[in-house]
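No lab work stands behind these numbers, since they all come straight from the coordinates. This one's a predicted model, so the numbers in the text were calculated from it and none came from an experiment. Cβ sites come from the backbone with ideal geometry, for glycine too, and all protein chains shown count toward neighbours.
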């Protein structure tokens, strides 16, 4: 499986592309100026970098997605849990849930998710 390591600004850029793709590169410059405050040169620099990383393709001034958002987001979450909690999902959940109450529906959703991913 391909691994993608993105900075916060690269991830924010990718969120714009995922939302807009396929998108003309000129339109992408406009979106990044409005949403990120970037100049044209910054947008094209990051676009080139994301193409080199294999996340995007820019052909004939049209930017398309090669790496789905779900894949990149799952990897980022896994990296965060690994670096911050030593890979301990229970440790992450305990920190995340600290002082927070679940609704009955949220608790049921989590139970279903755990059951679906339980190893045997």
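Results, tabulated for the structure shown:
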| read-out | value |
| --- | --- |
| Helix axis angle, 8-20 relative to the chain longest principal axis, alpha carbon, degrees | 80 |
| Viscosity 1.306 mPa s, 10 °C: Kirkwood-radius Stokes-Einstein D of segment 16-103 over Cα pairs, µm²/s | 104 |
| Length-normalised contact order of segment 8-69 in % [C-alpha pairs under 8 Å, at least 6 apart] | 38 |
| Relative contact order [Cα under 8 Å, 6+ residues apart], the chain, whole percent | 21 |
| Rounded to 10°, Cα long-axis angle of helix 69-85 versus longest principal axis of the chain | 50 |
| Burial order of peptide ranges 48-59, 97-108 (average beta-carbon count within 10 Å, highest first) | 48-59, 97-108 |
| Computed [θ] at 222 nm, deg cm²/dmol, the chain (DSSP H ≥ 4; -39,500 (n - 2.57); rounded to nearest 500) | -20500 deg cm²/dmol |
| Theoretical gain in end-to-end length, residue 19 to residue 5 [0.36 nm per residue, Cα-Cα removed] | 3.1 nm |
